[in-house]
1. Taking only segment 271-314 into account, find how many residues are under 30 Å from Arg23 (Cβ atoms), surrounded by 17 or more Cβ atoms within 10 Å (Cβ to Cβ), of a type in the set (A, V, I, L, M, F, W, C) and touching a residue at least 24 places away in the same chain (Cβ under 8 Å).
2. Do the conditions hold for Ser47, that is, is it exposed (fewer than 12 other Cβ atoms within 10 Å of the Cβ) and touching a residue at least 60 places away in the same chain (Cβ under 8 Å)?
3. All but one of (1) charged (D, E, K, R); (2) at pLDDT below 95; (3) crowded, with 16+ Cβ neighbours inside 10 Å; (4) under 28 Å from Leu227 (Cα atoms) hold for Glu100; state the number of the condition that does not hold.
4. Looking at (1) among the basic types (Lys, Arg); (2) over 22 Å from the mean Cα position of the chain (by Cα); (3) under 22 Å from Glu177 (Cα atoms), which one does Arg249 not meet, given that it meets all the others?
5. Give me the residue from segment 1-44 that is in contact with a Ser or Thr (Cβ under 9 Å, 6 or more places away or on another chain), acidic (Asp, Glu) and part of a strand (DSSP E or B) and, out of that set, surrounded by the fewest Cβ atoms within 10 Å (Cβ to Cβ).
6. Any residue at all in segment 206-225 that's out of contact with any helix residue (DSSP H, G or I) (no Cβ under 7 Å at 6 or more places or on another chain) and basic (Lys, Arg)?
7. Taking segment 207-244 on its own, how many of its residues are of a type in the set (A, V, I, L, M), assigned to a helix (DSSP H, G or I) and under 23 Å from Tyr319 (Cβ atoms)?
8. What number of residues in segment 94-121 are among the hydrophobic types (A, V, I, L, M, F, W, C) and assigned to a loop (DSSP other than H, G, I, E, B)?
Amino acid sequence: MLELRDLTMHFPVREGVFNRAARFCKAVDGVTLNLHAGETLGLVGESGCGKSTLGKCVVRLNQPTAGEILFEGTDLAPLKRAALKPYRRHLQMVFQDPVESLNARHTIGEILAEPFIIHGIGDRAARAASVAGLLDRVGLPATAADRYPFEFSGGQRQRIGLARAIALNPRVLVCDEPVSALDVSIQSQVLNLFLELQREMGLSYIFIAHNLAVVKHVSDRIAIMYLGRVVELAPADEIYHSARHPYTRALISAIPQPEPRRKSGRIVMTGDVPSPIDPPSGCPFHPRCPHATDRCKVEAPALRPAPNAPAGHTVSCHYDL
């Protein structure tokens, strides 16, 4: 359904008296991924690895520097505003912060009716009925349409954001850490709502998060990002039980264990994440990798099938660890 080919997003860093773009922040640096119908693809990595930027490129909130965004065979990357509009209803986004993503000056009814107005769907009465149906679908009363975002809790606001995202019956939802701002007790309710809507509507998700436990619960496949690149991609169970990349192993070792006395086997990474403005040569992870060799410092590994692993497990590493 959706395929990214060598997707790149470089932001200019302007310096000097003439404000020229002397350098670039390589937020997304040549990502190739695909998403199947009805699938959830988890996207995991540390803060600043390019996850959210990639998601915004997919829904074209960012204009990518290079690469292709193929939605059912059509490349959305070069399309201008008018040509892109028919596709926007099929690609929607749920944002991390429900406070910032909802217009505080509009009622919930106005927020949910806006997609129908933009795409010229229905009259006033039909839009009001659609808004009531959306609220019911996400577990909120119809009376919520006359209230403002500040009158709701964080979990309720995220339900409203999800209702807005599904208003036009999209095919793909990009979920940018949709539960990270919620209390733990509310997270499970919202996650179950995501899964329920996926079953009912046949939605495909790109689920962005840094909480590996949450991603495991909802994902069919998981892609691990580091410094703008995908370093490992595999089915969810395979990632958690047979991770190959040193970075993936370190992330998984950091998942809290429910048994306090059990030895965690925590892998502690040394050093800080390099700057995407001045990334290291060769493998981007080599300054922090305990297995790095001289080859890693000069040669960037390609994303290739992992040796002796099930089909679909790819890793960007020179060595079979």
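1. 5
2. yes
3. Just one mismatch for Glu100, condition (3).
4. Condition (2) is where Arg249 drops out.
5. Asp6
6. no
7. Of the residues in segment 207-244, the ones of a type in the set (A, V, I, L, M) are 208-209, 212-215, 218, 222-225, 227, 230-231, 233-234, 236, 239, 243.
Still in the list and also assigned to a helix (DSSP H, G or I): 212-215, 218, 236, 239.
Still in the running and under 23 Å from Tyr319 (Cβ atoms): 239.
Here the count works out to 1.
8. Residues of segment 94-121 among the hydrophobic types (A, V, I, L, M, F, W, C): 94-95, 99, 102, 104, 108, 111-113, 116-118, 121.
After this cut, where a residue has to be assigned to a loop (DSSP other than H, G, I, E, B) as well, the list is 95, 99, 102, 104, 121.
Residues meeting the conditions: 5.
The values are calculated or read from the model by the stated rules, or taken from the named source; none is laboratory data. Note that the structure is predicted; figures quoted are calculated from it, not measured. Ideal geometry is used to build each Cβ from the backbone, glycine not excepted, and the neighbour counts take in all protein chains shown.
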